[in-house]
Amino acid sequence: MNIDDKPHEECGIVGAFIPGESVARTAFFGLFALQHRGQESAGIATSEGDEIRLKARMGLVSQVFHEETLAGLPGHLGIGHTRYSTMGGSKEYNAQPLIANGQRGQIAVGHNGNVINAAELRVEMTEEFGSTFEKTSDTEVIAELFAKAPGSDWFEVSAYAMRRLKGAYSLVIMTKDQLIAVRDPLGIRPLCLGTLNGGWVVASETAALDNLGAEFVREFENGETVLIDKNGIRSRIWASARTTHAMCVFEQIYFARPDSILNGELAYETRQRLGAEVYREHPVDADIVVGIPDSSTPHAVGLAAEAKIPYTEAIIRNRYVGRTFIQPDQRSRAQGVQTKFNPMRGVISGKRILVVDDSVVRSTTITRVIKMLRRAGAKEIHVRVASPPIKSTCHFGVDMATLNELIAANKTVAEITEYIDADSLAYLSVKGLLRAVRAPENSYCTGCFTGNYPIPVQLEMNKMRFELASNT
């Protein structure tokens, strides 16, 4: 049940090479800090230098791993992954890391992103390399390509793979004695590097490094491959990589933890600027500013400061409502957002409320929040969205919704205002968004707002297409 009505996160990845330490716990706590990026499955692979050991299954990080599980994953080298499925079903056989075999031995791979030419590559690799595919995710294609690709070293293999892969991929790859980390040539998905106890850690976000007590070194460059082994750390950038990144702008708006550094800046501060910018574009009189907790809080704080209107926590979020494997009955499904949010009537009653949301996808949450606020006695409700209207689907690792489900692709702002029962509604402009994130020209992917993507894509793709193909 999606009561958040938000773009679904992609995946979180972590890798560690720390001589003399057991890194299974490092991977665990790194993944724990990245749990917001995916809640379907979790996995860790490790090695002591002899063989790769793997544990991956459905569930949250804390559900999959326990002390005895981690004890069965010895080694100073390891990678970890927490998944939200963006291609391939939510099945245990798609849980990562995935194992592949080739002329350089066995490898394990964890992937964040989405490869848009995976179907074509499956056919080509079956003919070229004799590859067989048993799973239904694009990660299996990536793993097979890195395992089978020609090249005298991992830098040549990675360059070969970059020439063939189209789309988004931040990768952690391990052999029995090496850690390889890769960021795609467009730089769509984030990846960072840190040091810990004389070794190295890579992760999707700097928040994971902070959770481990690691020292942040830098973010990966577009098209960069980093190799870490007993001889130290080496790096190479693919010659054809894009000079300015095309990172998904939703990392700034919503995906990354607010305490992570993206493009050299704290995400929390960027989100404050987003809120301030939407108010400058669309001012309105109100008594209090309210953010929809917790993801919209930084945006609301920034807007309130710009508007000089008090920011108030008028909506309390039940922080213990999380992902569950129990299917909701009709009553709880209809109740929806009330399970997660509760209004403070004494704060709301008789007030003109300015509600700030970071994004609106289908409008399910904002509609129910407005209804909840009206029942609590709100006099007026004005909505400001700290991102532009979402009018196109994502092709690079975000499960956004179908075109038919995107409310801004099917209704005007005036129609949406009436539909959600707001007194006024306004979105941040694309220009305002780019000002707030301090974007250099032609940086960031804004395809979900503009329909313009950093590489050509088909109008809409089905993330379940490999499952559908296998059933025909």
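Return a yes/no flag: does segment 167-183 have any residue that is under 18 Å from the mean Cα position of the chain (by Cα), within 19 Å of Ile13 (Cα to Cα), in the same structural domain as Phe65 (by TED's automatic domain parsing) and charged (D, E, K, R).
Yes: segment 167-183 contains one or more residues that are under 18 Å from the mean Cα position of the chain (by Cα), within 19 Å of Ile13 (Cα to Cα), in the same structural domain as Phe65 (by TED's automatic domain parsing) and charged (D, E, K, R).
Determine whether His81 is buried (at least 24 other Cβ atoms within 10 Å of the Cβ), in contact with an Asp or Glu (Cβ under 9 Å, 6 or more places away or on another chain) and of a type outside the set (Phe, Trp, Tyr).
Considered against the rule, which asks whether it is buried (at least 24 other Cβ atoms within 10 Å of the Cβ), in contact with an Asp or Glu (Cβ under 9 Å, 6 or more places away or on another chain) and of a type outside the set (Phe, Trp, Tyr), His81 comes out as no.
Go through Arg122, Arg53, Arg37 for me and flag whichever is basic (Lys, Arg) and at pLDDT below 95.
Step by step, each of Arg122, Arg53, Arg37 is checked, and only Arg37 is basic (Lys, Arg) and at pLDDT below 95.
In segment 370-393, how many residues are touching an Asp or Glu at 6+ places or on another chain (Cβ under 9 Å) and crowded, with 23+ Cβ neighbours inside 10 Å?
Residues meeting the conditions: 6.
Just need a number here: residues in segment 114-157 that are closer than 20 Å to Ser240 by Cα, under 23 Å from the mean Cα position of the chain (by Cα) and surrounded by fewer than 17 Cβ atoms within 10 Å (Cβ to Cβ).
Looking only at that region, the number is 1.
Look through Glu415, Glu441, Glu405 and report the one residue that is on the phi < 0 side of the Ramachandran plot and at pLDDT 95 or above.
Criteria check complete, one pass: Glu415.
Considering segment 94-113 alone, what residues qualify as being touching an Asp or Glu at 6+ places or on another chain (Cβ under 7 Å) and surrounded by fewer than 17 Cβ atoms within 10 Å (Cβ to Cβ)?
none
Looking for whichever is on the phi > 0 side of the Ramachandran plot and at pLDDT 95 or above here; the options are Gly12, Gly30, Gly75. Which one fits?
Gly75
Can you name the number of the only condition in (1) under 26 Å from Phe396 (Cα atoms); (2) hydroxyl-bearing (Ser, Thr, Tyr); (3) in the same structural domain as Gly346 (by TED's automatic domain parsing) that Thr312 fails?
The failed condition is (1).
Just name the residue that is farthest from Glu306 (Cα to Cα) out of those in segment 375-413 that are in contact with a strand residue (DSSP E or B) (Cβ under 7 Å, 6 or more places away or on another chain) and outside any loop (DSSP other than H, G, I, E, B).
Among them, the one singled out is Asp399.
Give the residue that is nearest to the chain's Cα centre (by Cα), with candidates limited to residues of segment 40-61 that are buried (at least 20 other Cβ atoms within 10 Å of the Cβ) and outside any strand (DSSP E or B).
Within segment 40-61, the match that is nearest to the chain's Cα centre (by Cα) is Glu40.
Take residues that are assigned by TED's automatic domain parsing to the domain that holds Phe396 and tell me which of the strands (runs of 3 or more DSSP E) falling wholly in segment 193-304 contain 3 or more.
Passing ranges, in order: 288-291.
Any residue at all in segment 210-226 that is buried (at least 16 other Cβ atoms within 10 Å of the Cβ) and within 30 Å of Ile348 (Cβ to Cβ)?
Scanning segment 210-226 turns up no residue that is buried (at least 16 other Cβ atoms within 10 Å of the Cβ) and within 30 Å of Ile348 (Cβ to Cβ).
Condition (residue is in contact with a helix residue (DSSP H, G or I) (Cβ under 7 Å, 6 or more places away or on another chain), of a type in the set (A, V, I, L, M, F, W, C) and either surrounded by fewer than 21 Cβ atoms within 10 Å (Cβ to Cβ) or not in a loop (DSSP other than H, G, I, E, B) (or both)) applied to segment 358-369: is it met by at least one residue?
yes
If you go through segment 276-285 one residue at a time, do you hit one that is touching a residue at least 40 places away in the same chain (Cβ under 8 Å), within 12 Å of Thr297 (Cα to Cα) and buried (at least 23 other Cβ atoms within 10 Å of the Cβ)?
no
Go through (1) out of contact with any Lys or Arg (no Cβ under 7 Å at 6 or more places or on another chain); (2) free of Cβ contacts under 8 Å to residues at least 60 places away in the same chain; (3) under 20 Å from Ile107 (Cβ atoms) one by one and return the number of the condition Glu215 breaks.
Evaluating Glu215 over (1) out of contact with any Lys or Arg (no Cβ under 7 Å at 6 or more places or on another chain); (2) free of Cβ contacts under 8 Å to residues at least 60 places away in the same chain; (3) under 20 Å from Ile107 (Cβ atoms) leaves (3) as the failure.
The values are calculated or read from the model by the stated rules, or taken from the named source; none is laboratory data. Keep in mind that this is a model prediction, so the values were computed, not measured. Every residue, glycine as well, gets a Cβ built from its backbone with ideal geometry; the counts of neighbours run over all protein chains shown.
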